[in-house]
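K.L.:
Input: one structure, supplied below.
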Amino acid sequence: MADANYTNPANHPPPGTGPGPPGVPGGMDRSYSVDIIVCAAITAAISFVFVAMRFYARLFIVRVLHREDWLILIAQIFSTVMCGGFIHEAILGHGSHAWLVPAENISPMAKAAWYTILFYQLSLSCSQVSILLLYCRVWNYPWIRQAAKGLLVFVMIYKFLIILVCVTACIPLQAFWDFELQEHSYCHGKPIWWAATYLHIATDFLTYLLPMPVIFRVQFPIRQRILLFVLFAFGFFICIISIIRCYLLKLVDDTNDFTFDNVSIAFWSCVETNGTISIACFMTMKPLLSRWFPSIVEERPTASRVVAGSNGRLPTIGSRPMRLRPADLHRSLTASLRGYEAVTDDDDGRAKNA
């Protein structure tokens, strides 16, 4: 990653007029440090609100917490530390031209960049594992559970390796921010960082593509189907953000003006990590939406749409189609009118706590 390749800035003359950092509107005659601070603070606050709503729904509506809930809370903590790292860098001069940054700030800025990269990877890892654990628990089709478990194992292995790469970015690690040591130290080459970026993009797409066959197959009520499509549209938007970030990293890969040209990387990294957390939380928001906006989420069932099993329960995501029987139809309609479907994804956990 370009973030990891800090070098001593060359002495450049003051800039004239021209374009701003790659992917960022503006000119070369201004500092973007305040913009980085604002972006980090706002995106962290948005994801914090989503995590708070998720835990409210789990604690006070569903009244059960699962492993993926705790993981997304950890991801939020890591993301907050990452955003704090970007703010720390901005205070030291990130967003200004390298030749305008005091020389004594370069090494502390590189050190802040190291832990920013580390917590960026940790946050994305926890978010992705949380989503896949949710898939393994919620979806009832055996094939999708097996696929989710296989992808989960792969993600956990490669994420562990890339975090290990971050921890050992240079040997000794101090060489990452102490440039005088770099000539006599080992630092991981660019191919390792690019491999991590490409694997992240690929597994992101697989994560959001995995439920698509089931979503197209199961006959959801129209409003719930729209919510699902909106949800996964945002998921693929996060994938596109990852691609944009990768493209911008390519553009600034060999820049000498790293404190200025890497501004766009800071913006998109904040959006990507906090956006992933928000999407993971939105996947569990049905109980909360059903309580706050029942007219939007819930629809009154009709005989042509309700299909129930022998136990009178409405089919959930991934349940197998069953033949409709008159006695089951009455029980299904009654259960639906009581709001039974509002806790579809957590009914098993709720039953255990009853």
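K.L.:
Restricting the first residue to the range 51-71 and requiring it to be closer than 19 Å to S127 by Cα and of a type in the set (S, T, Y), which pairs with a second residue that is part of a helix (DSSP H, G or I) and modelled with pLDDT under 95 meet a Cβ separation below 9 Å and a spacing of at least six or different chains?
P.N.:
Y56/L288
K.L.:
Further, regarding this structure: Residue check, V64 against (1) more than 15 Å from the chain's Cα centre (by Cα); (2) part of a helix (DSSP H, G or I); (3) farther than 24 Å from F267 by Cβ, all met but one. Which one?
P.N.:
Unmet for V64, out of (1) more than 15 Å from the chain's Cα centre (by Cα); (2) part of a helix (DSSP H, G or I); (3) farther than 24 Å from F267 by Cβ: (2).
K.L.:
Related question: Can you find a residue that is charged (D, E, K, R), outside any helix (DSSP H, G or I) and in the same structural domain as I36 (by TED's automatic domain parsing) anywhere in the range 102-120? Even if it seems obvious, please write down each step before you answer.
P.N.:
Initial filter on the range 102-120 (charged (D, E, K, R)): 104, 111.
When the remaining residues are screened for being outside any helix (DSSP H, G or I), the result is none.
Within the range 102-120 (the criterion being charged (D, E, K, R), outside any helix (DSSP H, G or I) and in the same structural domain as I36 (by TED's automatic domain parsing)), the answer is no, since none of the residues qualifies.
K.L.:
Please work out which one of (1) under 21 Å from V129 (Cβ atoms); (2) in contact (Cβ under 8 Å) with a residue 12 or more places away in the chain is the condition G150 fails and give its number.
P.N.:
Among (1) under 21 Å from V129 (Cβ atoms); (2) in contact (Cβ under 8 Å) with a residue 12 or more places away in the chain, G150 violates only (2).
K.L.:
Show the residue pairs that are 6+ apart or on different chains and have beta-carbon atoms under 7 Å apart, the first residue being within the range 278-291 and over 13 Å from L227 (Cβ atoms) and at pLDDT 85 or above, the second being of a type in the set (S, T, N, Q) and part of a helix (DSSP H, G or I).
P.N.:
Close Cβ pairs satisfying both conditions: S278/S47; A280/S127; A280/S130.
K.L.:
Does the range 209-258 hold any residues that are more than 23 Å from A195 (Cα to Cα) and either of a type in the set (D, E, K, R) or at pLDDT 90 or above (or both), and which are they?
P.N.:
If the condition is that a residue be more than 23 Å from A195 (Cα to Cα) and either of a type in the set (D, E, K, R) or at pLDDT 90 or above (or both), then R217, R223, R225, D257 are the ones that fit.
K.L.:
Can you tell me which residue within the range 247-289, out of those that are in a helix (DSSP H, G or I) and of a type in the set (S, T, Y), is farthest from L71 (Cα to Cα)?
P.N.:
Top of the filtered list is T259.
K.L.:
Mind checking whether some residue in the range 175-191 is closer than 24 Å to L133 by Cβ, assigned to a helix (DSSP H, G or I) and of a type in the set (S, T, N, Q)?
P.N.:
no
K.L.:
Another question about this same structure. In the list A90, A75, A103, which residue meets the criterion of being surrounded by 23 or more Cβ atoms within 10 Å (Cβ to Cβ) and either out of contact with any helix residue (DSSP H, G or I) (no Cβ under 8 Å at 6 or more places or on another chain) or farther than 16 Å from D35 by Cα (or both)? Write out each step before concluding.
P.N.:
Numbers: A90 fails: either out of contact with any helix residue (DSSP H, G or I) (no Cβ under 8 Å at 6 or more places or on another chain) or farther than 16 Å from D35 by Cα (or both); A103 fails: surrounded by 23 or more Cβ atoms within 10 Å (Cβ to Cβ).
Only one candidate passes the filter, namely A75.
K.L.:
Does W139 satisfy being touching a residue at least 60 places away in the same chain (Cβ under 8 Å) and either among the aromatic types (F, W, Y) or crowded, with 20+ Cβ neighbours inside 10 Å (or both)? Give the steps one after another, and end with the answer.
P.N.:
Details: touching a residue at least 60 places away in the same chain (Cβ under 8 Å): yes; either among the aromatic types (F, W, Y) or crowded, with 20+ Cβ neighbours inside 10 Å (or both): yes.
Against the criterion (touching a residue at least 60 places away in the same chain (Cβ under 8 Å) and either among the aromatic types (F, W, Y) or crowded, with 20+ Cβ neighbours inside 10 Å (or both)), W139 qualifies.
The values are calculated or read from the model by the stated rules, or taken from the named source; none is laboratory data. In this text the structure is predicted, and so the values were computed from the model without any measurement. Neighbour counts run over all protein chains shown; Cβ positions are idealised from the backbone, glycine included.
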